[in-house]
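Below is one structure, written out as structure tokens, with a few remarks after it.
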Amino acid sequence: MNEITKAVIPVAGLGTRFLPATKATPKEMLPVVDKPAIQYVVEEAVSVGMRDVLMVTGRNKRALEDHFDRNCELELALEKKGDAERLASVNLSTELADIHYTRQGDPRGLGHAVLCAAPHVGDEPFAVLLGDDLIDPRDPLLAQMRQVHREHGGSVIALMEVEPERSHLYGCAAAERDGTSPVVRVTDLVEKPAPGTAPSNLAVIGRYILEPAVFDVLRRTPPGRGGEIQLTDAIRTLAATGHTVHGVVFSGRRYDTGDRGDYLRAVVRIAADRSDLGPDFVEWLREFLLDHQPVEHRSVDERPVELRPAALTA
Ligand code: UTP
């Protein structure tokens with residue numbers, strides 16, 4: 001069986017949950033400690049040998065391309081200062097992988113973004129890593145998925161157990177489970193099921209290994225939930241038409257960095273565990289929590305009058 005070398009990272013979404021920070025900056029460029037979220041994702045792909053990375057970008061995504069490109073002026077300045085450590089960190093993102101770009105034009109959904117990768121991927125299995133989904137580097141999910149693909153072929157998706165009352169926020173899978181094994185056989189998928197109708201508590205998270213047959217299915221997949229072409233709907237069709245779809249139930253650390261709360265958790269957890277920053281930061285955090293009194297939280301509309309939109313103050 002072919003080794004998977006190509007990773008597709010869709011980064012063309014609008015990032016509305018993180019506005020106004022994402023008005024001019026892609027959400028994937030938000031720093032998680034001192035690296036943009038997207039770099040963790042690229043490093044994850046490279047760590048399992050997927051060095052051919054295609055980013056599906058859109059408007060406002062120049063910063064992403066710049067981050068993975070050389071910055072000669074900065075390199076020269078760091079060289080002159082003899083700051084070898086920072087120079088190495090700057091060069092790392094440039095040399096990490098062979099990064100290619102294609103544009104989605106209109107963000108018509110994740111399924112449509114994946115379809116934009118078809119000419120680059122060709123007729124071979126490939127991985128999809130969502131650019132705002134951060135899997136803690138200490139919990140190697142992608143390697144496990146690749147192993148399942150080696151053993152069973154077909155497509156492999158990442159799943160996570162969620163509280164039943166949160167199922168409607170995700171794509172959800174119906175699956176045949178063998179005891180407590182984290183590998184399940186997926187029989188059906190529903191994108192954001194109505195509350196109380198989810199087929200299980202297994203939610204789809206942002207890692208996929210897909211067979212190229214998904215492109216033909218995507219071409220025929222009409223807009224679904226939210227008027228968008230849903231990748232979940234295409235994988236559902238694969239499962240319903242005799243293709244093998246497995247799921248790996250992930251129980252490690254995962255953060256949706258497009259969600260403000262999860263983003264904050266990612267920054268705190270990763271900073272706390274870093275040897276250079278962690279000890280001081282954790283000490284501060286302990287003191288902060290001891291001192292911290294519940295406050296009456298301010299809502300955005302409690303901004304000083306001079307900062308409110310004119311229409312609201314008129
Ligand atoms: P999300 O639904 O999390 O992204 O899509 P979004 O639309 O940017 O987020 P909000 O809800 O408005 O805050 C998951 C992934 O799919 C990409 C996003 O960039 C993200 O990595 N995506 C989504 C695309 O590339 N194109 C799309 O049309 C939609």
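The one condition from (1) surrounded by 17 or more Cβ atoms within 10 Å (Cβ to Cβ); (2) modelled with pLDDT of 95 or more that Glu43 does not meet is (1). Taking interchain pairs and intrachain pairs at least six residues apart, which have beta carbon atoms under 8 angstrom, with the first residue in the range 119-133 and under 29 Å from Lys35 (Cα atoms) and aliphatic (A, V, I, L, M) and the second more than 15 Å from the ligand (Cβ to nearest atom) and assigned to a loop (DSSP other than H, G, I, E, B)? Partner pairs satisfying both residue conditions: Val121/Pro212; Ala127/Ile4; Ala127/Met50.
Note on the range 203-214: residues that are open to solvent by 10 Å² or more (accessible area, probe 1.4 Å) and more than 15 Å from the ligand (Cβ to nearest atom) amount to 3. Scanning the range 19-40 for residues that are surrounded by 15 or more Cβ atoms within 10 Å (Cβ to Cβ) and of a type outside the set (A, V, I, L, M, F, W, C) yields Thr22, Thr25, Pro26, Lys27, Glu28, Lys35, Pro36, Gln39, Tyr40. When the residues of the range 46-67 are filtered to those that are within 16 Å of the ligand (Cβ to nearest atom) and farther than 21 Å from Asp106 by Cβ, the one that is most open to solvent (accessible area, probe 1.4 Å) is His67.
Within the bounds of the range 92-105, is there any residue that is more than 16 Å from the ligand (Cβ to nearest atom), touching a residue at least 40 places away in the same chain (Cβ under 8 Å) and part of a strand (DSSP E or B)? Yes. Among the candidates Ala266, Ala272, the residue that is in contact with a Phe, Trp or Tyr (Cβ under 9 Å, 6 or more places away or on another chain), open to solvent by less than 60 Å² (accessible area, probe 1.4 Å), at pLDDT 95 or above and over 25 Å from Pro107 (Cβ atoms) is uniquely Ala272.
Would you confirm whether or not the range 161-169 contains a residue that is over 26 Å from Arg17 (Cβ atoms) and surrounded by fewer than 18 Cβ atoms within 10 Å (Cβ to Cβ)?
The answer is no, given that none of the residues of the range 161-169 is over 26 Å from Arg17 (Cβ atoms) and surrounded by fewer than 18 Cβ atoms within 10 Å (Cβ to Cβ).
Which one is nearest to the ligand (Cβ to nearest atom) among residues in the range 235-258 that are closer than 18 Å to Cys172 by Cβ and under 19 Å from the mean Cα position of the chain (by Cα)?
Asp256
Residues that are exposed (fewer than 14 other Cβ atoms within 10 Å of the Cβ) and outside any helix (DSSP H, G or I) within the range 68-91 comprise Asp69, Arg70, Gly82, Asp83, listed in sequence order.
Tell me the residue from Leu115, Leu110 that is touching a Leu at 6+ places or on another chain (Cβ under 6 Å), more than 28 Å from Gly252 (Cβ to Cβ), within 16 Å of the ligand (Cβ to nearest atom) and in contact (Cβ under 8 Å) with a residue 12 or more places away in the chain, please.
Leu115 is the lone residue from the list that is touching a Leu at 6+ places or on another chain (Cβ under 6 Å), more than 28 Å from Gly252 (Cβ to Cβ), within 16 Å of the ligand (Cβ to nearest atom) and in contact (Cβ under 8 Å) with a residue 12 or more places away in the chain.
For the range 1-22, how many residues are more than 12 Å from the ligand (Cβ to nearest atom) and in a loop (DSSP other than H, G, I, E, B)? Final tally of qualifying residues: 6. Evaluated against (1) over 23 Å from Val46 (Cα atoms); (2) in contact with a Lys or Arg (Cβ under 7 Å, 6 or more places away or on another chain), Ile205 falls short on exactly one condition, (1). Pairs meeting the criteria (first residue in the range 11-30 and free of Cβ contacts under 8 Å to residues at least 60 places away in the same chain and farther than 17 Å from Gly105 by Cα, second residue within 6 Å of the ligand (Cβ to nearest atom) and not basic (Lys, Arg), beta carbons under 8 Å, at least 6 apart or on different chains) are Thr22/Leu14; Thr22/Gly15; Thr22/Thr16. A single member of Ser167, Ser155 is among the small types (Gly, Ala, Ser), in contact with a strand residue (DSSP E or B) (Cβ under 7 Å, 6 or more places away or on another chain) and more than 20 Å from Val56 (Cβ to Cβ), and it is Ser167.
The values are calculated or read from the model by the stated rules, or taken from the named source; none is laboratory data. Remember, predicted model here, so these are calculated numbers, not experimental data. For neighbour counting, all protein chains shown are included, and Cβ atoms are generated from backbone atoms with ideal geometry for every residue, glycine included. Just the protein is used for accessible areas: all its heavy atoms, side chains included, with ligands, DNA and RNA removed. Shrake-Rupley method; radii C 1.70, N 1.55, O 1.52, S 1.80 Å.
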